[in-house]
Amino acid sequence: MALVGNLKDFGLAEFLYLVDRGYKTGRLTLQRPGDRAELYFQTGKLVYASHFGQEERLGDMLVRMGRITQEQVNYALRIQHTREPNKPLGAILVSNNIISTDEINKCVRLQIEEITYGLFNWNEGDFKFEQDVQPPPESLTIPLSVENIIMEGTRRIDEWTRIRDRIPNLDVVVRFSDQPHEKAKGVNLTPDEWRVFARINGLHSIRQIAQLTHLSEFDVARILYGFLSAGLVIISKQPPQAALNGGYPRTGLASPNAPRPVTAPAPAPAKSAQAVPPPVQQRAQVPVNGQYNPGYAVGVNAAPGPGLSAQSPPLPPQTFKKSLIRRIIDAISRR
């Protein structure tokens, strides 16, 4: 028999606690008008999550997170369609040395966590738990500790409450303040903060910055909250041209609700020719707190910030912070 209820009477954190303590296996469905999500459990562990309207195939997810390129996905799909139709896409990517199994698992884990953390903000809606229902056959499952999910999800609820005092929603646009040079003196930024900092241009919304930096919306909002508190940026209204693109600035990104263009599938390679895999993304050093650390790398395909090139030689540590901050701000101010 299915267990049903309402989130007003029984919150998600309380239900996850029961699943954890009871070593439950099954599917938890959460539903509210126009929205639906599913969480799957195996003996008390969260193993899979899906949020309807936000589903992504494995290849699309890896491209969005900057782990592989669309060309590499297309190459793996051609192999799957022509030579190995029964082999999962992830296994083809790994066997062709495009990405490692650990990297795939890390991305899937992040996706499951982010979907689940977003559900902690649901204050109303119906839930139904059906025992022994398994995830979809094609899904990649990763067992996650429900206890850790509860702790992090609860922490994010508290932090979101504080963030919303300054950032009303994720569709607002931020720009640099009138005197960023003075306020940027002595600022030490983490690698993720640099990625967000370089995307601030008065055109991109917070949601779009998250897409461009491959960071979660929560992490981008948290970083921008810090910039707002330090006086580096201010909330700006949407630019006038946004109205011409369904409420989204014309930055080369389509509106989330716009239909995707349909393209013809790439022709299969000739049998006499051996398909050559696209090159694995090169790696480039990036600055960490003002110094270059060879152990930290990002894909060269990620667009560098203004005034910053992935191929540029490293600056001396004593001049890096001031010169780079000034170069980024000057480049953005001239737009």
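Laboratory data are not the source of any read-out in this text; all were calculated from the coordinates shown. Quick caveat: nothing in here was measured; it's all calculated off a predicted structure. Positions of Cβ are generated from backbone atoms using ideal geometry, with glycine treated the same way; all protein chains shown enter the neighbour counts.
When the chain is fully extended, how far beyond the present Cα-Cα distance does Asn96 get from Lys8, taking 0.36 nm per residue of separation?
On the way: separation 88, 0.36 × 88 = 31.68 nm, distance 4.88 nm.
My answer for the length gained is 26.8 nm.
Using the Karplus curve 6.51 cos²θ - 1.76 cosθ + 1.60 with θ = phi - 60°, what ³J(HN,Hα) values do you get for each residue of segment 25-33, in whole Hz, with x for Gly and Pro?
Karplus values, whole Hz, x for Gly and Pro: 10, x, 10, 9, 9, 10, 9, 9, x.
List the residues of segment 145-175 whose backbone N lies under 13 Å from a point placed 7 Å from the Cα of Asp35 along the Cα-to-Cβ direction.
Within reach of a label on Asp35, which here means backbone N under 13 Å from a point 7 Å along Cα→Cβ, segment 145-175 contributes 170.
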